[in-house]
Every structure is written in C-alpha cells, then in structure tokens.
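The values are calculated or read from the model by the stated rules, or taken from the named source; none is laboratory data. Just so we're clear, the structure is a prediction, and the values are computed from it rather than from any experiment. All Cβ positions, even for glycine, are placed from backbone atoms using ideal geometry, and neighbour counts span all protein chains on display. The protein model used for the area step is the full one, side chains on, heavy atoms only, and it has no ligands, DNA or RNA in it. Shrake-Rupley method; radii C 1.70, N 1.55, O 1.52, S 1.80 Å.
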Amino acid sequence: MTPGRIALFVPSLWGGGAERIIVNLARGFTERDRDVDLVLVRVVGPYLADVPSAVRIVPLNAPSVMASLPALVQYVRRERPAALLATLNTANVVAALAR
C-alpha cells in the first residue's frame, strides 16, 4: 500500500447519506491502493457489512461524539494519518479539536 494512511471519522454507520459516502470513500481509497482507517465512535450500523475488508476499523468506544475527543487525539498522535476526513457537524468539530 501507498504510504500515508487516510483516516475517515464518523460517529457510527447508522443513518443515511453521510455514512454511505464514508463507506464509498473508504472503498475508493482502498481500490487506489491506499491504507484506510475507518474511525468510529461506536462500531454499529447497517453499513458495517459494506465496509471493504481492506479497511481497518478503529473503535473509539465512547458514549458520544464529544466524549470521543481524547480517544481520537490518541489515535491521531499514534497513527499520524496523512489525512483525517470527518463528516457530520459534531464529528467535524471533534476532528478539528483533535488535530
């Protein structure tokens, strides 16, 4: 795989369009030979079945998106992803704070 892991951050894989787009992005990046982490506050939702096997799922195991900030900071410091993409309002704020 190409150096420079891409991290995709979303609260869970419940919901609709944003979660579906994250799964599609993960698939597209892996098809282009990129290492991808799917960073989830909670590992739940119907789209889990659609996540490609090449994608590493990183559970933060937090009770809420805001409460996931310390775990996301640890992840970013440990893994040093080349990019951290987030979606949904609170997740965007937490991702910016984690940076």
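Checked against the criterion of being under 14 Å from Leu88 (Cβ atoms), in contact with a Leu (Cβ under 9 Å, 6 or more places away or on another chain) and in a helix (DSSP H, G or I), the candidates Ala18, Ala26 yield just one match: Ala18.
Within the stretch 1-48, the set of residues being of a type outside the set (D, E, K, R), open to solvent by 30 Å² or more (accessible area, probe 1.4 Å) and in contact with an Asp or Glu (Cβ under 6 Å, 6 or more places away or on another chain) comprises Met1, Thr2, Tyr47. Of the residues making up the stretch 42-83, those that are touching a Gly at 6+ places or on another chain (Cβ under 8 Å) and assigned to a loop (DSSP other than H, G, I, E, B) are Gly45, Pro81, Ala82. Would it be correct to say that Leu38 is touching a strand residue (DSSP E or B) at 6+ places or on another chain (Cβ under 6 Å) and among the hydrophobic types (A, V, I, L, M, F, W, C)? Here the answer is yes, as Leu38 does meet what is asked. Please verify whether the stretch 49-72 includes one or more residues that are on the phi > 0 side of the Ramachandran plot and surrounded by fewer than 13 Cβ atoms within 10 Å (Cβ to Cβ). Yes, the stretch 49-72 contains at least one residue that is on the phi > 0 side of the Ramachandran plot and surrounded by fewer than 13 Cβ atoms within 10 Å (Cβ to Cβ).
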